[in-house]
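Okay, so here's the structure we're looking at.
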Amino acid sequence: MTPELIVCGILLVAITLYAILGGADFGAGVWEFNTAMRSSKKERDLLYRAIGPVWEVNHVWLIFAIVLMFSAFPVVFAALSRALWIPLLLALLGIFARSVGFAFRAYAAGAVRQQAIFGAVFAFASTSTPFFFGACAGAIAGGLDVDVNGKFHGDYLTGWITPLSVFCSFYAVGLCSYISALFMSCEAMADNDAELTAVWRRRALTMGVILGAFSTVGLGIVAKYAPELWTGFLSKSLPLVAISTATGLISMLCVWKARYQFAAGAAALTVACVILGWGVAQYPWIVPPAIDVQSAKGPDSVLWAMIIVIAAGAVVLGPALGWLFYLFKGQHPNNSKAAATLNQNTTTNASQ
Amino acid sequence: MSDFFAARLQMALTLGTHIIFACFGIGLPLLLIFVEWRFLKTGDELWRTLGKRWSKTFGVLFAVGAVSGTVLSFELGLLWPEFMGTFGAVIGLPFVLEGFAFFLEAIFVGIYLYTWDRLPPRVHWFTAFPIALSGLAGGTFVVAANAWMNVPSGFKLNKDGRVVDADPMTALFNAGMPAQAAHMIVAALMVTGFMVAAYYAFETIKGRNSEYNRRALAMGLGMGIIAAMLQGPVGHEAGHMVAKYQPIKLAAMEGHFKTTDWAPLRIGGIPNMETRETTMAIEIPGGLSMIAFNDPTATVRGLDEFPDENLPPVAVVHFAFQAMVGIGTMLMGLGLWTLWRLWKKKPMEDNRWLLWAIVAAGPLSIVALEAGWIVTEVGRQPWIVHGVMRTSDAVTEAPGVVPLFIVTVAIYAGLVVGTVVTLQILSRIPMPEPSHDA
């Protein structure tokens, strides 16, 4: 196996994990935005508590993907930075405002007015970030006016706006809110809160139906505006397309049957297959129609060094990540109380 | 304002802001480890209170540091696509390593912040170590990439200007890396220490002279002073490195125009590009030769040896260097003053002058930090990769960089205000019930 293929694989894994885990965190903010922040205090507490300890870690998958991309495929990074100048800046603004809004809100406990402002920033930015990342993905999938040296020959301000990019921006927001609704159903269930579980179940079902319709429309848009990608979907990626469709339907069925963890697992698999399917369908192109894996890859010495470092790093990172998620997402007796301690005004808490 | 200049200002603003938060990311975990260790050792709840309250401050600063760092990773490509497109692979390894360090840091920050009341105390203490280690490692790796821009190595270019052969280990451990990384990390400890000390010194002046306050002040001041003392020899090493690999930068730092032996060290002075001399400086004969090569007779190359188009803005670099060294010396003096009072066993809070000096030391340490960063970044101009790629060739062709910069100024002003407001809200949380003001 060539090093560039291994790195491509790692890159897809990082993007997938960011889409699922980071996407769920964004989705939580999307629901705050959707409901115009009129959610009940109980509902909101659960939401912020669920993402509190993990959102920062989930965000690192993005950094990891960026660093991998510019180290292994520097020309791709240059090309995307130029061609996606506007949507990347807007996505970056969203990431910035979301993180700052969340952190300030979490630590400004007790200051009602400040919390409301930071909460609103968080909700809006959580929606705009996946929107513009979706636009980037759609613009890449539809092909960019770049050359093999990473130079951009299109319009910096409007070149990224295509039917596919517009579709993908809404699709990404929908996907985030669906995954988030599934994870939140799990959280509410673990909290033994029947009322909130019902709320999130209803949201998941609504969003699932919308997404299903969206996906069908999306395939039509791909067929019309990205014919090469469409051919890839129908040939190389067909199994992945089939699996993603099946797991998507299964996840809806699981929500219906109130098996939320299975639903979340199935939905995660759907996202993974969509992203992997996209990658496989457009291979060997990284940025169609000009930049392919071979012409964009850095020197082999660098790629191998990266692979070794990543393999060694995974040995440390894996258990650490496992512990984090065990502590906050596992079936731990203290889970419902644990994160709440951060927001307390006094330190006289004794949960243990 | 040209788009190119706006891009440079944009980078300076966003990096100059991030670097402050990053310093706390390196320094505060070390203080937290020490404080929680005291608690484990003595069982004194006040240490634990201190740790818990500081960990919230750290939580805010870590989040802001993380997101302002994210901005930079995007900006590397958005503002300097030609640089990243050409050299991304060469400096990739330090960034991948930094990515891992950041990952580990974020994981353990999540655990550490949320498990004060949940994990056994010793285990909780243990979770702070990966945070401190990855903070130190992350800082080292990022600075390694910057040092590579100063002393590039470990790659070959073909005639199209594309990297064909790269040795990532040589690039990572470039000649500039050890001294520059050490200089930066010690600076981070200085900033953290003196900023913490400044806050509690001010509280003391306002009359809040509790045991909590005294311990917090001592922690911060201790770290700041130790770091300030270390910075002397460490900075000296960094000077050697610059003298050896970037003689133009050294000459600009000193406003040194003519190549001479017995080159003087200039204190103050205004570099004049017309007359090619630095006037109104106090000159110490042989001082610069001594600093650069440990030999007062050594020859130091002057700016006149280099073509004009390769010179950085001399005045900016010279003033920034003077500010950095001047403040560094004052902070060492503050350290000696404090130690002398300790030796005389005089309590710190009795001396208003000393307290006000400590209050000033906080912001001054940040000024020194920024001045040092200006020396290394502006001193490298007109190059983005010293001697290999010009900054003007690396910049993006995209429109609207000037408005982007203006918007960014507003956003970052909001960020700083928001951070201060949030930290104020945290500081107003009342102390736990049992009184420790014994």
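The values are calculated or read from the model by the stated rules, or taken from the named source; none is laboratory data. Worth saying up front: this structure is predicted, and the values here are computed from it rather than measured. Don't worry about glycine lacking a Cβ; one is built from the backbone with ideal geometry, like all the others, and counts go over all protein chains shown.
Can you tell me which of (1) in contact with a Gly (Cβ under 7 Å, 6 or more places away or on another chain); (2) within 30 Å of A:Arg82 (Cβ to Cβ) is the one A:Tyr178 doesn't meet?
All conditions are met except number (2).
In region B:251-263, which residue that is surrounded by fewer than 20 Cβ atoms within 10 Å (Cβ to Cβ) and not hydrophobic (A, V, I, L, M, F, W, C) is farthest from B:Phe306 (Cα to Cα)?
B:Asp261
For residues that are at pLDDT 90 or above and of a type in the set (Val, Ile, Thr), scanning just region A:38-75, find the one that is farthest from B:Phe108 (Cα to Cα).
Among those that are at pLDDT 90 or above and of a type in the set (Val, Ile, Thr), it is A:Val75.
Condition check ((1) within 20 Å of A:Trp61 (Cβ to Cβ); (2) facing chain A (nearest Cβ under 9 Å)) across all residues:
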{"position": "B:Ala66", "(1), (2)": "yes, yes"}
{"position": "B:Thr70", "(1), (2)": "yes, yes"}
{"position": "B:Phe108", "(1), (2)": "yes, yes"}
{"position": "B:Thr115", "(1), (2)": "no, yes"}
{"position": "B:Ser134", "(1), (2)": "yes, no"}
{"position": "B:Gly138", "(1), (2)": "yes, no"}
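Taking the condition within 14 Å of another protein chain (Cβ to nearest Cβ), of a type outside the set (A, V, I, L, M, F, W, C) and crowded, with 17+ Cβ neighbours inside 10 Å, does B:Thr338 pass?
no
Tell me yes or no: at least one residue of region A:111-121 is surrounded by 24 or more Cβ atoms within 10 Å (Cβ to Cβ), of a type outside the set (D, E, K, R) and in contact (Cβ under 8 Å) with a residue 24 or more places away in the chain.
Among the residues of region A:111-121, not one is surrounded by 24 or more Cβ atoms within 10 Å (Cβ to Cβ), of a type outside the set (D, E, K, R) and in contact (Cβ under 8 Å) with a residue 24 or more places away in the chain, which makes the answer no.
Any idea which residue in region B:114-152 is surrounded by the most Cβ atoms within 10 Å (Cβ to Cβ), counting only those that are more than 25 Å from the chain's Cα centre (by Cα) and part of a helix (DSSP H, G or I)?
Among those that are more than 25 Å from the chain's Cα centre (by Cα) and part of a helix (DSSP H, G or I), it is B:Tyr114.
Being aliphatic (A, V, I, L, M) and more than 7 Å from chain A (Cβ to nearest Cβ) is the filter here; which residues of region B:91-102 pass it?
B:Ile91, B:Ala101
Report, ordered by the first and then the second residue, all pairs with beta carbons closer than 9 Å, sequence separation of six or more or different chains, a first member in region B:176-197 that is aliphatic (A, V, I, L, M), and a second member that is not in a helix (DSSP H, G or I).
B:Met177/B:Val151
If you take the residues in region A:84-118 that are more than 8 Å from chain B (Cβ to nearest Cβ) and β-branched (Val, Ile, Thr), which one is nearest to the chain's Cα centre (by Cα)?
A:Ile86
Conditions (1) over 21 Å from B:Ala179 (Cα atoms); (2) modelled with pLDDT of 90 or more; (3) touching a strand residue (DSSP E or B) at 6+ places or on another chain (Cβ under 7 Å), marked per residue:
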{"site": "B:Met241", "(1), (2), (3)": "no, yes, no"}
{"site": "B:Gly269", "(1), (2), (3)": "yes, no, yes"}
{"site": "B:Met280", "(1), (2), (3)": "yes, no, yes"}
{"site": "B:Ile291", "(1), (2), (3)": "no, no, yes"}
{"site": "B:Asn294", "(1), (2), (3)": "no, no, no"}
{"site": "B:Glu309", "(1), (2), (3)": "yes, yes, no"}
{"site": "B:Val314", "(1), (2), (3)": "yes, yes, yes"}
{"site": "B:Ala320", "(1), (2), (3)": "no, yes, no"}
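State yes or no: is A:Val75 within 7 Å of another protein chain (Cβ to nearest Cβ), touching a residue at least 12 places away in the same chain (Cβ under 8 Å) and in contact with a Gly (Cβ under 7 Å, 6 or more places away or on another chain)?
It is true that A:Val75 is within 7 Å of another protein chain (Cβ to nearest Cβ), touching a residue at least 12 places away in the same chain (Cβ under 8 Å) and in contact with a Gly (Cβ under 7 Å, 6 or more places away or on another chain).
Have a look at A:Leu5, A:Leu46 and point out the one that is closer than 25 Å to B:Phe103 by Cβ and either within 14 Å of chain B (Cβ to nearest Cβ) or not aromatic (Phe, Trp, Tyr) (or both).
Matching residue, one of A:Leu5, A:Leu46: A:Leu5.
Could you check, for region B:127-149, whether at least one of its residues is in contact with a strand residue (DSSP E or B) (Cβ under 9 Å, 6 or more places away or on another chain) and of a type outside the set (Asp, Glu)?
Within region B:127-149, one or more residues are in contact with a strand residue (DSSP E or B) (Cβ under 9 Å, 6 or more places away or on another chain) and of a type outside the set (Asp, Glu).
Of everything in region B:406-428, what is hydroxyl-bearing (Ser, Thr, Tyr), more than 22 Å from the chain's Cα centre (by Cα) and facing chain A (nearest Cβ under 9 Å)? Give them in sequence order.
The answer is B:Thr422, and nothing else.
Take residues that are within 9 Å of chain B (Cβ to nearest Cβ) and modelled with pLDDT of 90 or more and tell me which of the helices (runs of 4 or more DSSP H) falling wholly in region A:278-352 contain 1 or more.
Counting at least 1 such residues, we get A:300-329.
Could you list all residues from region B:74-85 that are under 17 Å from A:Cys136 (Cα atoms) and free of Cβ contacts under 8 Å to residues at least 40 places away in the same chain?
B:Phe74, B:Gly77, listed by residue number.
Wholly within region B:200-309, which helices (runs of 4 or more DSSP H) include no fewer than the required count, namely at least 1 residues that are of a type in the set (S, T, N, Q) and under 21 Å from B:Gly326 (Cα atoms)?
Helices (runs of 4 or more DSSP H) meeting the threshold: B:211-245, B:287-293.
Does B:Val375 fit the bill of being crowded, with 16+ Cβ neighbours inside 10 Å, out of contact with any Leu (no Cβ under 8 Å at 6 or more places or on another chain) and not small (Gly, Ala, Ser)?
The answer is yes for B:Val375.
Quick test of your reading of the structure: B:Gly387 fulfils all but one of (1) in a helix (DSSP H, G or I); (2) within 27 Å of B:Met273 (Cβ to Cβ). Name the failing condition by number.
Status for B:Gly387: all satisfied but (1).
Spot the failing condition for A:Thr127; the list is (1) within 11 Å of another protein chain (Cβ to nearest Cβ); (2) in contact (Cβ under 8 Å) with a residue 12 or more places away in the chain, and only one is missed.
The one condition A:Thr127 does not meet is (1).
Return the residues of region B:267-283 that are polar (S, T, N, Q) and surrounded by 15 or more Cβ atoms within 10 Å (Cβ to Cβ); say none if nothing qualifies.
B:Asn272, B:Thr278, listed by residue number.
Within region B:29-50, does at least one residue satisfy the condition of being within 22 Å of the chain's Cα centre (by Cα), crowded, with 24+ Cβ neighbours inside 10 Å and either over 19 Å from A:Ile95 (Cβ atoms) or more than 10 Å from chain A (Cβ to nearest Cβ) (or both)?
Yes, region B:29-50 contains at least one residue that is within 22 Å of the chain's Cα centre (by Cα), crowded, with 24+ Cβ neighbours inside 10 Å and either over 19 Å from A:Ile95 (Cβ atoms) or more than 10 Å from chain A (Cβ to nearest Cβ) (or both).
Results for (1) surrounded by fewer than 18 Cβ atoms within 10 Å (Cβ to Cβ); (2) under 26 Å from B:Tyr200 (Cβ atoms), shown as yes or no for each residue.
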site	(1), (2)
B:Val385	no, no
B:Met389	no, no
B:Ser392	yes, no
B:Thr396	no, no
B:Gly400	yes, no
B:Pro403	yes, no
B:Ile406	yes, no
B:Tyr412	no, no
B:Gln424	yes, yes
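Which helices (runs of 4 or more DSSP H) sit wholly inside region A:1-97 and have at least 2 residues that are β-branched (Val, Ile, Thr) and surrounded by 21 or more Cβ atoms within 10 Å (Cβ to Cβ)?
Hits in region A:1-97: A:3-17, A:55-72, A:74-83.
With respect to B:Glu349, is the statement that it is acidic (Asp, Glu), loosely packed, with under 13 Cβ neighbours inside 10 Å and assigned to a helix (DSSP H, G or I) true?
Judged against the criteria, B:Glu349 is not a match.
Among what's in region A:220-230 and is surrounded by fewer than 14 Cβ atoms within 10 Å (Cβ to Cβ) and free of Cβ contacts under 8 Å to residues at least 40 places away in the same chain, pick the residue that is nearest to A:Gly142 (Cα to Cα).
Checked region A:220-230; the qualifying residue nearest to A:Gly142 (Cα to Cα) is A:Pro227.
Checking B:Ala175 against (1) away from every other protein chain (no Cβ under 11 Å); (2) assigned to a helix (DSSP H, G or I); (3) closer than 27 Å to B:Gly372 by Cβ: exactly one of these is not met. Which one?
B:Ala175 satisfies every listed condition except (2).
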